[in-house]
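In what follows, a structure is listed as structure tokens, so that the remarks can point back to it.
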Amino acid sequence: MNLIPKPPSLRIDEKDPFSSDTFDLQEFADALSGLIAKSPESFVINLEAPWGQGKTTFLQMWRHRLRRDHVQSLYFNAWESDFSRDPLIALIGELSAGMAAMRIQADSPAWAQLAKLKKVGARVVVRALPALIKAGTLGVLDLSEPLEEVVACASEKLAEDEIQRYQDAKQSISDFRRELETFATQLAAENGSAAPLVIVVDELDRCRPDYAISILETVKHLFTVPSVVFVVATDSRQLSNAIRHVYGLDAAASDYLRRFFDLAISLPKPSARQFVEALFARHGLEEFFENRKHLELRFDRDQAVAAFVAMFEATNCSLRDQQKCAVLFTISLRTMQENSYLHPLLLCTLVVLRVKRNDLYERFVSGEIGAKDLVDELSQSTAGRSYFESPSGYGAPTLAHLIVSVQSREKRRADEAWLRERAEADEKSADAELARRALEIIQHSSFRNARGALRHILPRLEFISRQTRQDDDSF
């Protein structure tokens with residue numbers, strides 16, 4: 001049984017592709033479509049966003065919007081073609097595979113033109129092979145002649161072959177570009193639109209650095225023709241780091257990447273709450289919370305969202321870290337009975353600490369530090385301080401959960417004494433109000449079930465951490 005939950009495939013309404021958009025990207029999609037509609041010449045756009053921000057999801061929705069608006073498009077997953085020897089072969093293969101998706105009739109001129117494009121593309125691939133492969137057989141050598149004369153003749157023949165190969169390859173590239181332009185024009189004509197062919201390249205930063213660069217070189221030298229627009233999605237910083245590591249370009253790696261693009265645009269970053277809501281939807285958590293019918297559990301979802309938002313901001317979690325937290329949280333829920341107590345404020349806080357601040361997590365769950373020390377650490381950030389100092393929201397209930405869950409009785413008593421001191425220090429301050437609210441929660445009879453919450457939560461988190469620690473990328 002695979003414990004790592006796999007998010008369900010995205011379902012897109014063809015009539016309203018952005019109906020399930022949680023990041024409010026429809027306006028951005030409209031702007032991108034408008035930009036492409038005004039780009040009759042060749043154009044390569046870099047769509048930039050960090051890993052996990054939703055580039056692939058956006059591109060899938062946007063491609064459905066293009067199709068609805070009678071704009072032909074193809075999707076090229078660069079990572080899935082990483083096994084290919086030549087990106088040109090992979091790209092031409094995707095052109096063939098995409099014809100059916102574009103609903104082009106098999107007897108149409110576009111199909112006939114694609115056949116011509118394949119033949120020319122094959123010549124480009126063959127003529128680009130290194131001439132040394134042929135010379136490596138030593139078939140040009142006559143061992144009966146003096147060695148110096150043999151080497152001289154072989155070198156001259158090799159140079160002549162290389163020059164001829166260069167000229168043939170250059171002509172083949174020119175032929176390929178001409179046939180590609182004709183192909184794109186015919187596609188538009190059959191679609192009854194003057195819009196260019198849009199080719200989306202995704203997952204480029206997951207490829208081998210040398211293959212990623214080969215794709216960009218192929219796009220630059222072979223596919224930049226009128227009526228063809230490329231949108232290349234990247235995490236530019238990650239790709240630059242990989243190139244820097246492999247090729248030793250140091251600070252020049254970013255400049256080297258930029259030369260492949262005519263324009264770079266950034267995917268708008270979602271708010272913390274938007275991203276958490278998207279994670280819940282992506283991991284199918286809505287159904288779990290909807291099935292929790294007990295009266296005392298009706299606020300569990302709101303508490304989980306609030307705790308994650310606050311802790312993500314307080315610990316400066318990256319999007320990748322937030323994805324990991326969502327996986328850990330989802331697995332934890334799988335081990336719980338439908339209407340058992342979840343204690344989401346405590347659970348979500350510990351999940352984030354386990355992923356982002358494991359040192360702090362270990363010290364707290366072992367009883368080395370108490371709730372006061374933990375809150376002091378988290379309050380070093382503006383977001384953490386705001387969460388634990390505001391009397392409104394879930395800061396006080398979270399603080400109450402942390403205090404009663406402390407393993408050491410001595411530290412728990414010290415934390416409660418600290419809370420009473422805060423409550424009495426300045427009756428009119430927000431800090432004192434929050435402390436009084438936390439004390440009221442701790443002393444309320446309905447809070448008794450929270451005192452043993454840590455004993456129920458820790459086995460789940462510890463089991464999960466053992467399973468995932470060996471392979472951090474399994475998240």
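Just so it is clear, none of the values below were taken in a lab; they were calculated from the coordinates. The model shown is predicted, which means the values in this text are computed figures rather than measured ones. Every residue, glycine as well, gets a Cβ built from its backbone with ideal geometry; the counts of neighbours run over all protein chains shown.
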Checking rank on 116-125, 190-199, with mean other Cβ inside 10 Å and highest first, the result is 190-199, 116-125
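I need Asp86, Asp202, Asp16 ordered by Cβ neighbour count within 10 Å, fewest first. Mind dumping the intermediate values first?
Values: Asp86 17, Asp202 21, Asp16 14.
By the 10 Å Cβ count, ascending, the order reads Asp16, Asp86, Asp202.
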Give me Lys356, Lys269 ranked fewest to most by other Cβ atoms within 10 Å of their Cβ, as a rough exposure proxy. Lys269, Lys356
So the angle from the long Cα axis of helix 87-101 to the longest Cα principal axis of the chain, reported in degrees to the nearest 10, equals 70
Selection from Pro196, Thr330, Val309 lying farthest towards where the dipole of the chain points positive, charges on Cβ: Thr330
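Pop the C-beta distance of Arg258 and Ser108 into the FRET formula with R0 = 41 Å and round what comes out to the nearest 0.05.
On the way: r = 38 Å, r/R0 = 0.93.
It comes out at approximately 0.60.
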Relative to the chain, whose Cα atoms define the longest principal axis, helix 430-443 and its Cα axis are tilted in degrees, nearest 10, by 70
Charge dipole (debye, nearest 20) of the stretch 272-474; +1 at Cβ of Lys and Arg, -1 at Cβ of Asp and Glu: 500
Give me Asp426, Asp300, Asp107 sorted ascending by neighbouring Cβ count inside 10 Å, so fewest comes first. Asp107, Asp426, Asp300
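Quick check on the chain: helices-only [θ] at 222 nm, where DSSP H runs of length 4 and up contribute -39,500 (n - 2.57) each and the sum goes over total residues. Nearest 500, please. Can you show the working numbers first?
Values: 21 runs with 280 residues, N = 475.
When only DSSP H runs of four or more count, the value is -19000 deg cm²/dmol.
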In degrees, nearest 10, range 0 to 90: what is the angle between the Cα axis of helix 147-190 and the longest Cα principal axis of the chain? 70
Taking 56 Å as R0, compute the FRET efficiency from the Cβ-Cβ separation of Lys119 and Met336 and round it to 0.05. 0.40
